Amino acid sequence: MDRLLKGLKALAHETRLRLIHILLTQDLCGRALSRRLGISEAAVSQHIRILREVGLVAGEKRGYWVHYSVQREVLEHIIDELERLAYRSAISADHCHGLRAKNKGSSKKVVKGVCQSCCGLPEKLKDKPEGCTPR
């Protein structure tokens, strides 16, 4: 969970998310990233440092320049952890999310559905909220 949290914090900044988006299409050096984003090379360097610390980006020296690339395995790990979190909460018996997750083979698919404690019984919604909340 700690690794997921650090990864999400690194991605929570618009510029870093844009960096990831650009680097998913091709490896680029700091100067090229600076020009694409319209920010200084120093700003790019600081954002890259944060992404490197969590393992989302790696640099490779090519001549005079360092070219950066996304470490897809780390990004996929974050995505997998979020999917597991969403899957667990969708099938939790303690809460109604208006969704049900069904496991079909090896892929998880979330389909719309309703729980029978409150969503499926609209007459319960006429009562106080406490009457609708599953216990």
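Every read-out reported here was derived from the displayed coordinates using simple, explicitly stated rules and does not represent laboratory data. Quantities reported herein were computed from a predicted structural model and do not represent experimental measurements. Counting neighbours? That spans all protein chains shown, and the Cβs are built from the backbone with ideal geometry, glycine included.
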If the chain between Arg72 and Arg52 were fully stretched, how many nm would it gain, using 0.36 nm times the residue separation less the Cα-Cα distance?
5.9 nm
Using a 7 Å offset from the Cα along the Cα-to-Cβ direction at both Arg35 and Leu8, what is the distance between the two label points in nm, to one decimal?
3.7 nm
Gain in length, Glu81 to His21, computed as 0.36 nm per residue apart minus the alpha-carbon separation, to one decimal in nm?
19.6 nm
For the range 7-26 and the range 41-55, write down the distance between their C-alpha centroids in whole Å.
10 Å
Rule-of-thumb Rg ratio for the range 2-71 [Cα; 2.2 N^0.38 Å; N residues]:
1.02
